[in-house]
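Since the structure comes first, as C-alpha cells, the remarks are kept for the end.
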Amino acid sequence: MNVVVCLKQVPGKFKIEIDPQTGTLVKGGTDNMINPFDMNALEEAMRLKEKHGGKVSAISMGPSEAKESLREAIALGADEAVLLCDPAFDGSDTWATSHILSLGIRKLGQPDMVICGRQTIDGETGQVGPELAEMLGLPFVSCVSRIEEVAEGHVKMQRMAEEGHHVVEMQLPGVISVVKEINVPRLPSLRGLMQSKKASITVWNARELGVDVAMVGSKGSPGRLVKVSRPQRSTRQELLQGSLESQVEQLIGKLREAKIL
Amino acid sequence: MEYFLNEQQQTLRSLARKIAEQRILPVRAELDEKEEFPWELIREMASSDLLRIFIPEEYEGLGGGCLDLCLVMEELSRVCGGVAISYGANALGALPLINYGSEEQKRKYLPDIASGKRLAAFAVTEATAGSDAANIRTTAVRANRHYVLNGTKQFITNGGEAEIYSVVVMTDPARGSRGASALIVEKGTPGFSFGKKEKKMGIRASSTRELVFHDCRVPAENLIGREGQGFIIAIRTLDRSRPGVGAQAVGIAQGALEASVEYARQRIQFGHPISAIQAVQHMLADMATQVEAARALVYAAARTIDAGAKSFSEEAAMAKVFATDTAMRVTTDAVQILGGAGYMRDYPVEKMMRDAKITQIYEGTNQVVRNTIALELLKRKAMRE
C-alpha cells in the first residue's frame with residue numbers, strides 16, 4: 001500500500017498578517033508548522049503502512065522553507081519527501097496548486113492512495129483535495145473520519161456528515177481528505193528527529209515537473225482573490241421589561257418571530 | 001542565556017517541551033486532583049525515546065548524560081512536577097545498574113528500561129533511616145544461592161508501578177554503613193508486596209508507596225557490585241541524580257515565572273496592568289534572575305559529571321540546594337503575584353508551590369545536602385594544611 005500525503009506548511013503563530021495589496025498571507029519567519037489536518041493525513045498514512053506495508057511519501061508545494069515541514073514528516077516516519085518548488089509557483093491558487101501537485105504525484109509513480117487534510121488553516125478553502133483527484137482522474141471522498149477496512153482494490157470508510165456519518169466504499173487508487181477526528185497524530189521520536197536532519201529532500205522545479213509556467217503562479221491562476229476583509233459583527237441587545245411572566249411571554253414571542261421556536 | 005547545547009540536546013529539549021505542552025498540559029490538573037499515575041504519558045515518552053536517553057548505547061539507549069536528563073526533567077517540570085518525577089525516579093532506579101551493575105545485569109534490565117517496557121525505582125528510605133542511611137533495618141541474609149529479605153522501605157517513588165527495584169539493604173548489620181548492600185528485586189517476586197499508597201501535598205501524579213519484604217528470596221546474582229558496597233552505591237547514585245532534582249526545580253520555577261508574567265500583564269488594578277507597578281516588576285526581575293542562576297548552576301554541575309570528573313558530590317549538592325530553594329521562593333512569589341487567583345486550584349501556581357516543596361526534601365534534605373557541601377569544603381582546606 002503506497003500512500004502519498006499532501007502537506008502544506010502554514011504559519012504557526014496566531015497573529016497573522018494579510019498583505020493589504022494582494023489579500024494573501026504575509027509569509028516568512030520561523031514559526032511555521034505542518035497544517036494540523038495534514039498531520040492527521042500523515043498519521044493515517046503511517047497507520048496504513050504499519051498495517052499493510054508499503055511506503056509513505058510526503059509531498060508539498062511551497063517555498064524552500066517548507067523543507068522543514070517535510071523533514072518533520074520524515075521524523076514521524078515518512079519514507080521519502082518531495083518539495084515542488086519554483087519561483088514561478090508563487091501566488092498559485094488552488095487550481096494551479098492542484099495542477100502542480102498532480103504532476104508531482106504522477107512523477108512519483110501512481111500511489112494506491114493520496115491523503116490530504118480536509119483544508120488548510122490559512123487558506124481554508126478545502127479545494128485542493130477534490131481538484132487533485134479530478135486532475136489525477138481518481139475517485140475522491142472528503143471528510144473521512146475512519147478507515148474501516150482496506151481490501152484488494154477498494155477501501156471502506158466513514159465520512160463525517162452534519163449528523164452522524166456515511167459509510168462509503170471507494171475504488172483504489174483514490175484520493176481522500178481527512179478530518180481531525182480520524183486520529184491523534186503521534187509525536188516524533190528523538191531518533192526519528194535526528195535521522196530526519198540528515199535526510200535528503202527531493203526538490204523538483206517547474207522544468208523537472210513539466211509545468212507550463214503560464215498556467216501557474218499569480219498570473220496563471222484562474223482564481224483571483226478580490227478582497228479580504230474582516231466581517232462586520234453586529235450584536236443587538238434588547239432588555240425586556242415588566243414582570244417575570246410578561247418577560248417570558250415577550251421572549252417567546254420574539255423567538256417565534258425570529259423563527260427559532 | 002546561551003548554554004551552547006549540541007544539536008541532539010536542542011532537539012531533545014524541544015521534543016520534551018512538545019510532549020509537555022501537547023500531552024501533559026491538558027491533563028495535569030486532573031492527574032493532580034485524582035492522584036493518578038501517568039501511564040499513558042510514560043508510554044508516549046517511551047515511544048519518543050525519552051526513556052532511552054540516559055541508557056548507554058550498548059543497551060539500546062542513546063548514551064546521553066546527566067545534562068540530557070536534566071533538559072528533559074526541566075521541560076517536563078515546567079508543566080508538571082509530578083509527571084516529571086515519575087520519569088526522573090525511573091532514571092534514578094536505573095543509575096545503580098548503569099554505574100555498578102554487572103554485564104549480565106545490564107543486559108538483562110537496561111534494554112527494558114530503555115524501551116519503557118519496565119520502569120525502575122530506587123529504595124533507600126525506611127521509617128528509621130533516610131538521611132541516616134546507616135540506620136537501615138531491612139536485612140538480606142545470604143542463604144546458599146539466595147538472599148532472604150525482610151523489612152519495609154517507605155516513601156518509594158514509582159513504588160507499585162515500577163518492576164525493577166534497586167534496594168539498599170543490610171547484609172551485615174554489625175558493620176553499620178559498611179554492612180549495606182544493593183540488590184535488584186523484581187516486582188512479582190514471592191514475599192515482595194506493596195504497602196499503602198501515600199497521599200501527598202504535591203507531585204500527586206507520581207506514585208509513592210511502601211515496599212514490604214517478608215522472607216523474600218532474591219537470587220544472589222541480583223547483588224549490585226559487592227557486599228558492603230550498598231552505602232557507597234547509594235551516595236554516588238544520589239550524587240549523579242541530584243542535578244536532575246535541581247533541573248526539576250528549575251522547570252517548576254520557570255513555569256511559575258511564566259505564569260506570573262502572563263498574569264501580571266492581564267490583571268488590571270487602578271486602571272493599569274499590575275505589571276506596570278514597580279513592586280511587581282522587581283519581584284518578577286528577582287524571580288527571573290534566580291531561575292537563570294539556578295539553571296546555570298544545574299547545567300554546570302551536570303556538565304562536570306558528563307565530563308568524567310572523579311568527584312562531583314559538592315557540585316551536585318550545590319546545584320540541588322540552590323535550585324530547589326529557588327523553586328520554593330519563586331513559586332511562593334508566583335502565588336503572591338497572582339494573589340487570590342494564585343491560591344485557587346483553577347490557576348496552576350498553587351500546584352507549582354506544592355510541587356516545589358518536595359524538591360527541598362527528597363534525594364537528601366537540603367540540610368543534609370548542605371552537610372555534604374560543608375564537608376567537602378572543610379576537607380579540602382584540611383588537606384592543604
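The values are calculated or read from the model by the stated rules, or taken from the named source; none is laboratory data. These numbers were taken from a predicted model, which means no experiment stands behind them. Every residue, glycine among them, receives a Cβ derived from its backbone with ideal geometry; neighbour counts consider all protein chains shown. These accessible areas exclude ligands, DNA and RNA; they are computed on the full protein's heavy atoms, side chains included. Shrake-Rupley method; radii C 1.70, N 1.55, O 1.52, S 1.80 Å.
Once divided by 2.2 N^0.38 Å, the Cα radius of gyration of region B:121-228 becomes 1.02. Averaged over its residues, the protein assembly as shown has an accessible area of 49 Å² per residue, based on protein heavy atoms and a 1.4 Å probe.
Work out the charge dipole of chain B with +1 on the Cβ of Lys and Arg and -1 on the Cβ of Asp and Glu about the Cα centre, then indicate which of B:Ala114, B:Met318, B:Ala256 is farthest towards its positive end. Of the candidates, B:Met318 comes out farthest on the positive side. Annotation: amide H of A:Lys8 within the under-5 Å range of A:Asn35, sequence separation 5 or more or interchain, hydrogens built in the peptide plane.
Rounded to the nearest 0.05, the FRET efficiency derived from the C-beta distance between B:Ala285 and B:Met344 at R0 = 30 Å is 0.75.
In chain B, a dipole from Cβ-located charges (positive for Lys and Arg, negative for Asp and Glu) runs towards its positive end, and of B:Ala276, B:Ala20, B:Val218 it is B:Val218 whose Cα lies farthest in that direction.
Scalar couplings 3J(HN,Hα) for region B:345-357, obtained by applying the Karplus form with A = 6.51, B = -1.76, C = 1.60 to θ = phi - 60°, are 6, 5, 10, x, 6, 5, 5, 4, 5, 5, 5, 5, 4 Hz; x denotes Gly and Pro.
Projected label points at B:Ala309 and B:Glu258, each 7 Å from Cα along the beta carbon direction, are separated by 2.9 nanometres.
Near A:Ser69, once Lys and Arg are set to +1 and Asp and Glu to -1 for all other residues with Cβ below 11 Å from its Cβ, the sum equals -1.
Remark: region B:217-319 carries a charge dipole of roughly 160 debye about the Cα centre, counting +1 on each Lys and Arg Cβ and -1 on each Asp and Glu Cβ. Volume of the convex hull of the protein assembly as shown (Cα atoms only), normalised per residue: 235 Å³. Net length available on complete extension from B:Glu21 to B:Arg384 is 125.6 nm, with 0.36 nm assigned per residue and the Cα-Cα distance removed.
Using the Cβ-Cβ distance between B:Phe270 and A:Ser234 with R0 = 30 Å, the FRET efficiency computed as 1/(1 + (r/R0)^6) comes to roughly 0.35. Expressed in Å, the radius of gyration and Dmax of the Cα atoms of chain A are 22.2, 77.
Taking amide H as placed 1.01 Å from N in the peptide plane, A:Ser177 has its amide H under 5 Å from the amide H of A:Cys116, A:Val141, A:Ser142, A:Cys143, A:Val144, each at least 5 places away in sequence or on another chain.
Please give the contour-minus-distance gain from B:Lys34 to B:Val148: 0.36 nm per residue of separation, less the Cα-Cα distance, rounded to one decimal in nm.
Residue separation times 0.36 nm, minus the Cα-Cα distance, leaves 37.4 nm.
Note down the magnitude of the dipole of the protein assembly as shown about its Cα centre, charges +1 on Lys and Arg C-beta and -1 on Asp and Glu C-beta and zero elsewhere, to the nearest 20 debye.
1360 debye
Restricting the calculation to alpha carbons of region B:1-156 gives Rg and Dmax of 17.5, 57 angstrom.
Of the listed pairs B:Lys106/B:Lys199; A:Lys51/B:Lys34; A:Lys67/A:Lys219; A:Lys8/A:Lys197, which have alpha-carbon separations greater than 30 Å here?
Violating the 30 Å Cα-Cα cut-off are B:Lys106/B:Lys199; A:Lys51/B:Lys34.
Could you work out the per residue convex hull volume over the alpha carbons of region B:310-355, in cubic angstrom? Walk me through the numbers before you get to the answer.
On the way: hull volume 2.5 nm³, N = 46.
Spread over its residues, the Cα hull of region B:310-355 gives 55 Å³ apiece.
Quick one: among B:Thr359, B:Thr331, B:Thr171, which has the greatest mean-square fluctuation in a GNM of chain B with alpha-carbon springs under 10 angstrom? Top of the fluctuation ranking is B:Thr171.
Inter-part distance, region B:75-139 to region B:13-55, computed on C-alpha centroids, equals 18 Å. For chain B, modelled as a GNM whose springs connect Cα atoms under 10 angstrom apart, the maximal fluctuation among B:Asn90, B:Asn371, B:Asn222 occurs at B:Asn371. Charges were assigned to the Cβ only: +1 to each Lys and Arg, -1 to each Asp and Glu. The resulting dipole of region B:1-142 about its Cα centre is roughly 320 debye.
Between A:Ser64 and A:Val226, what length in nm is gained on full extension when 0.36 nm per residue of separation is reduced by their alpha carbon distance?
Stretched fully, the A:Ser64-A:Val226 segment lengthens by 55.6 nm.
Karplus-derived 3J(HN,Hα) values for region B:273-283, using 6.51 cos²θ - 1.76 cosθ + 1.60 with θ = phi - 60°, are x, 5, 5, 7, 8, 5, 4, 6, 4, 5, 4 Hz; glycine and proline are entered as x. May I ask you to work out the translational diffusion coefficient for chain B at 25 °C, viscosity 0.890 mPa s, via Stokes-Einstein with Rh from the Kirkwood sum over Cα pairs, reported in whole µm²/s? Translational D for this selection: 115 µm²/s. Rounded to the nearest whole Hz, the Karplus-based 3J(HN,Hα) values (6.51 cos²θ - 1.76 cosθ + 1.60, θ = phi - 60°) of region B:41-48 follow the sequence 5, 4, 5, 5, 5, 5, 6, 8, with x at glycine and proline. Using the Cβ-Cβ distance between B:Lys197 and B:Arg43 with R0 = 22 Å, the FRET efficiency computed as 1/(1 + (r/R0)^6) comes to roughly 0.60. Think of chain B as having a plus end and a minus end, set by charges on the Cβ of Lys, Arg, Asp and Glu; of B:Gly63, B:Gly342, B:Val368, B:Val368 sits farthest toward the positive end of this dipole.
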